[in-house]
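Each reported figure results from applying straightforward, stated rules to the coordinates on display, with no laboratory input. Note that the structure is predicted; figures quoted are calculated from it, not measured. Positions of Cβ are generated from backbone atoms using ideal geometry, with glycine treated the same way; all protein chains shown enter the neighbour counts.
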Amino acid sequence: MDQQAKTDSPIQIINADTIRELWSKTYNHEGKPDWSHIFPYYHKDIVFQDTIQRIEGKARFVAMCTRLTKRSKQLKMEILCVAQSENVLIFDWIMTMIFKKYPSTPIYGSTKLVLSEDGLIKEQRDYYDLWGDIFNQIPRFNKIYRKFMARKFG
């Protein structure tokens with residue numbers, strides 16, 4: 001087995017308990033997030049998607065995480081619940097982003113992980129309302145935004 005294969009092999013089987021353990025280590029109570037311990041759990045052909053972007057490949061996924069680390073002063077995540085059905089895990093969370101110049105912003109969301117046959121994370125889809133959660137923190141504008149959304153989409 002080559003060195004790359006050794007570093008990409010997971011240490012534990014991914015399940016609801018592993019997700020709670022790994023993600024709780026990722027988002028520190030103090031300081032910047034660190035994803036380095038979960039990167040071995042990702043497949044080389046990972047497809048990551050959220051409301052902002054779609055990224056294919058582990059190198060691009062790692063680069064995205066590095067950019068997020070540089071932008072934020074601190075990131076916290078509270079995992080509310082985790083459910084698993086065969087090779088699919090879904091978990092709800094509250095992530096609080098603390099930027100260098102702006103107030104902290106809680107974002108409420110869910111993540112869906114799909115595992116490959118070899119037990120690595122091959123797909124990750126994060127679901128959240130980025131703008132709604134950010135706009136909720138802006139006095140007066142939050143009411144205008146919610147009225148607009150209700151009128152156009154509600």
Taking the simple approach of a point 7 Å from Cα along Cα-to-Cβ for both residue 17 and residue 140, what is their distance in nm?
-> 5.4
Each residue of the stretch 40-55 in turn: what ³J(HN,Hα) in whole Hz from Karplus with 6.51, -1.76, 1.60 and θ = phi - 60°, glycine and Pro shown as x?
-> x, 7, 9, 5, 4, 9, 3, 10, 10, 9, 9, 6, 9, 8, 10, 10
Could you line up 78, 117, 123 from fewest to most neighbouring Cβ atoms inside 10 Å?
-> 117, 78, 123
In nanometres, what is the gap between the two model label sites at residue 129 and residue 68, each 7 Å from Cα along Cα-to-Cβ?
-> 2.0
